[in-house]
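For reference, the structure is listed below as C-alpha cells.
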Amino acid sequence: MRKEERMEKLIDATMQIIAEKGLNGFSMIQVSKKAGINEGLMYRDFGTKDNLLFSCYDTFNHEIGQLFTNIEFHSRKIPIHDQIHILWKLYFDFLVKSTYKTIFYLEYRDSQYINTILEKKKEIIERDFNRHAIYTDRLRQICPELTEDMEKYIRTYSLDCTGIFAKRVIRGELPNTEESADIVWSFMKKGIDLLFPEDVYLLNEEA
C-alpha cells in the first residue's frame, strides 16, 4: 500500500471514530485496528496524535475551500443575496452529504486539541480559512468600507451557524429535505439583511 493511500485510510478511520465516540473516546490503537494498518506505520506517518487530528481537519478544510475556488457569477447585475444563497447552499449541502467528516470537523474545530498545534500550523489554517472568505470577498466588492472585524463576524455567522444546522440534519434531528434547507436559509438571510438590504446589487466589471 502506498504511503498516500495508507494516510488517507488512517485519516478516514479517525474521522469515523470521532464522529461516533467523540474526541475523548478516540485513541490511536482504535484507528490502527479500524484502518487495518500497523500502529507503528501510523506513528511513522503522523508522528503524534495531535498531528493526526490536525491532518484530518486540514484535509476536510481543504475540501471545503475547494467548493468555492471556481465559483463565478457572469451576470452584470446580481443581487448580493442571490450570490450568498448560491454559496451557502453549496456549503450546506456539502456538509450534510459529508456526514461523519462534518461531525468530526465541527467537534475538532471547537476543541482544545486544535490549540496545541494552532501556532505551528497557523499559516495553513489562515490559508484555508481565507478560501472560505469568498463570502466576504464578494461583500467587499459592494461594500469597500467593510472592516476586518465585521468580516470575521460575517464569516463566523455564515460558517458556524450553517455547521450547527447541518449537524442536526446529519443526526436526524431535522429532516434532510429541500424544504428544511429553505427554512435554514430563511434564518441565515435574516442576519444578512441586517447588513445588506434587498435592493443592494453587485455590479461586475464585465458585462
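With r defined as the distance between the Cβ atoms of Phe94 and Asn115 and R0 fixed at 25 Å, what FRET efficiency is calculated, to the nearest 0.05?
About 0.45, to the nearest 0.05.
What nm value, rounded to one decimal, do you get for the distance between Arg44 and Thr177 when each label is placed 7 Å out toward the C-beta?
Result: 5.3 nm between the two label points.
Would you please put 25-34, 7-16, 158-167 in order of how densely packed they are, using the mean number of other Cβ atoms within 10 angstrom per residue and starting with the highest?
7-16, 158-167, 25-34
Computed from the coordinates by the stated procedures, all read-outs in this text should not be read as laboratory data. Keep in mind it's a predicted model, so treat the numbers as computed, not measured. Glycine also receives a Cβ, built like all others from the backbone with ideal geometry; neighbour counts cover every protein chain displayed.
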